[in-house]
Amino acid sequence: MDSEVTNLQNLYPDPSTLLGAGKPPAGTKRERRCVMSTQITLDQYRALEKEFGNFLSGNVTQAQADEALQRLDLLRKKLREFFCQPEEKKSLIKWIDRILKAEDMAHQNFFGQTFDLTPFRQTLEKLGKQKVASWRRLGMEIHYLPPFVFTQDLELPGWKIKPEDWFWEKLAKSKLFLKSDSGEMIEMERAEFLGQVVLVDTRCKPTYDNGRQMWKDDEEFLGPIMKQLRDEKKIAPYDLPSSRFGVLYQELDDHILPAIAKKFCIPSVQLETTIMGNILPQLYPEMPRHKNGIANTWECRAEHCNGVSHPLDSRESNDGGPAVGDYGYVISNWRSRSFRPLGVVA
C-alpha cells in the first residue's frame with residue numbers, strides 16, 4: 001500500500017475546516033481570524049503548511065499522506081480546545097502577546113534589532129497572569145534581557161550614556177569579579193546580558209537627605225522585610241528601620257536578598273551588575289527609574305573590584321546619565337548607599 005500515491009491536496013483542508021464539531025465563537029470571519037492570530041495554533045498550522053507545501057500540487061506515498069493526516073488531526077484538536085476555552089483564558093493569551101510586543105519594541109528601539117522571545121513566552125505561560133501581576137503591583141516588572149555582549153566602543157540606537165572609562169579600564173585589566181552562589185570570586189571577562197527573564201525594580205532612587213531618604217512605595221515591598229530583619233538583629237540597626245540604606249554587603253548576601261526571594265516567591269534575587277544599572281533605564285525609558293540621574297545617592301552593584309573586600313557601587317552623573325562608578329568596603333554601611341534587587345525568574 002505504501003507504493004500507492006495520493007494527492008495530498010485533497011487531504012489538506014483549509015484552517016477553517018479543521019474545527020470540526022468545535023465551532024468558533026459567533027462573529028465575522030475576520031473576527032474569528034483575529035482570535036486565531038493569538039498564535040496558539042495558527043503558527044503550528046503555518047509550520048505544517050510550509051513543511052508539506054511542496055506536496056500540495058504533487059503526489060506523495062500513502063505513508064506520507066497518513067503522517068500528514070495524523071498531524072493535521074492533532075492540530076484540529078488543539079484548535080477545538082482553543083475555541084472551547086473560556087474568555088478569560090483567551091484574554092490571558094492576548095495579555096501575554098501584549099507583553100511580548102512591548103518587549104520586542106523596547107529591544108528594537110535600544111538595540112536596533114529583534115531577538116527570539118520564545119523563552120520569554122514560555123516563562124510567562126508557566127508563571128501565569130496572576131503571579132506576574134502581583135510582582136508588578138510591588139513595582140517589579142518582568143522583562144527579558146537577551147544574550148548580548150557590550151563593549152565601550154559599541155554604538156547602539158538607544159545607548160546614549162555609557163559607564164565611565166573607569167569601569168571599562170577595570171574590566172580590561174581583569175580587576176572586576178562576580179561572586180558565585182558558592183561564594184567563589186569569578187573574574188568578569190565581559191559586560192553582558194545572559195538571556196534571562198528578570199524582575200526589574202522600576203523605582204527611581206531617592207535624593208540624599210542626611211540618611212533619612214526613603215525609596216518610594218516601599219511600604220508593601222522591602223520596608224517590612226528590612227524592619228523585620230533589624231528587629232531580629234540579623235542586620236545592623238538604622239535610624240529608619242524600614243530603610244534600604246545603611247546596609248552591609250555581607251548582610252545583603254546572607255539575609256536580605258534571600259528574604260526577598262522567599263517572601264515574594266522569586267527563584268533567585270541578586271544585585272544588578274553595573275551594565276544592567278546603566279542600560280535598564282535607557283532600555284525601558286517609561287520606568288520612573290529613568291530619572292535616577294537627578295538623585296545623588298549610591299547603589300550597591302554585583303561586581304567586586306580587586307577582590308571580595310571591595311564591592312562596587314555606582315551613582316548617576318549630574319546630567320542624568322547612569323554612568324559613575326566607584327568601590328567601597330564590605331564593612332561599610334553608608335547612609336548614602338542603598339540597593340536595588342533584581343529577580344531572576346528564568
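Does Ala259 count as assigned to a strand (DSSP E or B) and either assigned by TED's automatic domain parsing to the domain that holds Phe177 or of a type outside the set (Gly, Ala, Ser) (or both)? Show your work before the answer.
Working: assigned to a strand (DSSP E or B): no; either assigned by TED's automatic domain parsing to the domain that holds Phe177 or of a type outside the set (Gly, Ala, Ser) (or both): yes.
No: the conditions fail for Ala259.
Could you count how many residues in segment 269-303 are assigned to a helix (DSSP H, G or I) and closer than 23 Å to Lys179 by Cβ?
Let us first name the residues in segment 269-303 that are assigned to a helix (DSSP H, G or I), namely 274-283, 288-294.
Okay, now just the ones that are also closer than 23 Å to Lys179 by Cβ, so 274-280.
Total satisfying the criteria: 7.
Taking the residues in segment 254-269 that are free of Cβ contacts under 8 Å to residues at least 60 places away in the same chain and surrounded by fewer than 17 Cβ atoms within 10 Å (Cβ to Cβ) as candidates, determine which candidate is farthest from the chain's Cα centre (by Cα). Outline the logic, then answer.
If we filter segment 254-269 for residues that are free of Cβ contacts under 8 Å to residues at least 60 places away in the same chain, which is where we start, we get 254-255, 258-259, 262-263.
Imposing the further condition that a residue be surrounded by fewer than 17 Cβ atoms within 10 Å (Cβ to Cβ) reduces the set to 254, 258, 262-263.
Details: Asp254: 25, Pro258: 19, Lys262: 19, Lys263: 20 Å.
Ranking the candidates gives Asp254 first.
For segment 211-228, enumerate the residues that are touching a residue at least 40 places away in the same chain (Cβ under 8 Å) and of a type in the set (A, V, I, L, M, F, W, C).
Trp215, Phe221, Leu222
May I ask you to list the residues in segment 229-253 that are touching a residue at least 12 places away in the same chain (Cβ under 8 Å) and either in a helix (DSSP H, G or I) or not assigned by TED's automatic domain parsing to the domain that holds Met214 (or both)?
Leu229, Tyr249, Gln250, Glu251, Leu252, Asp253
Being in contact (Cβ under 8 Å) with a residue 60 or more places away in the chain and either surrounded by fewer than 16 Cβ atoms within 10 Å (Cβ to Cβ) or of a type in the set (S, T, N, Q) (or both): is that true of Lys179 here?
Numbers: in contact (Cβ under 8 Å) with a residue 60 or more places away in the chain: yes; either surrounded by fewer than 16 Cβ atoms within 10 Å (Cβ to Cβ) or of a type in the set (S, T, N, Q) (or both): no.
Criteria not met by Lys179.
Rundown of residues vs (1) under 22 Å from Glu251 (Cα atoms); (2) touching a helix residue (DSSP H, G or I) at 6+ places or on another chain (Cβ under 7 Å), yes/no style:
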position	(1), (2)
Lys160	no, yes
Asp165	no, no
Asp181	yes, no
Ile186	yes, no
Arg190	no, no
Asp217	no, no
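Does any residue of segment 166-178 turn out to be among the hydroxyl-bearing types (Ser, Thr, Tyr) and under 26 Å from Gly343 (Cα atoms)?
Step one: of segment 166-178, the residues among the hydroxyl-bearing types (Ser, Thr, Tyr) are 174.
Now restrict to residues that are under 26 Å from Gly343 (Cα atoms): none.
So far as segment 166-178 goes, no, none of its residues is among the hydroxyl-bearing types (Ser, Thr, Tyr) and under 26 Å from Gly343 (Cα atoms).
Just wondering, is there one or more residues in segment 236-243 that are among the charged types (D, E, K, R), modelled with pLDDT under 95 and surrounded by fewer than 16 Cβ atoms within 10 Å (Cβ to Cβ)? Quick ask: steps written out before the conclusion?
Taking segment 236-243 first, the residues among the charged types (D, E, K, R) are 239.
Subset that is modelled with pLDDT under 95: 239.
After this cut, where a residue has to be surrounded by fewer than 16 Cβ atoms within 10 Å (Cβ to Cβ) as well, the list is 239.
Yes: one or more hits.
Do you know which residues across segment 209-228 are among the hydrophobic types (A, V, I, L, M, F, W, C) and in a loop (DSSP other than H, G, I, E, B)? Steps first, please.
From segment 209-228, those among the hydrophobic types (A, V, I, L, M, F, W, C) are 214-215, 221-222, 225-226; that's our starting set.
Result: Met214, Trp215, Phe221, Leu222.
Residue by residue through segment 199-210, note down the ones that are loosely packed, with under 15 Cβ neighbours inside 10 Å and touching a residue at least 24 places away in the same chain (Cβ under 8 Å).
Narrowing segment 199-210 to residues loosely packed, with under 15 Cβ neighbours inside 10 Å: 207, 209-210.
Within segment 199-210, Thr207, Asn210 meet the criteria.
Mind checking which residues of segment 147-176 are surrounded by fewer than 17 Cβ atoms within 10 Å (Cβ to Cβ), within 29 Å of Ser268 (Cα to Cα) and aliphatic (A, V, I, L, M)?
Listed by number, the residues that qualify are Val149, Ala172.
The values are calculated or read from the model by the stated rules, or taken from the named source; none is laboratory data. Quick caveat, the model's predicted, so the values are computed rather than measured. Neighbour counts are summed over all protein chains in view; Cβ atoms, including those assigned to glycine, are modelled from backbone coordinates with ideal geometry.
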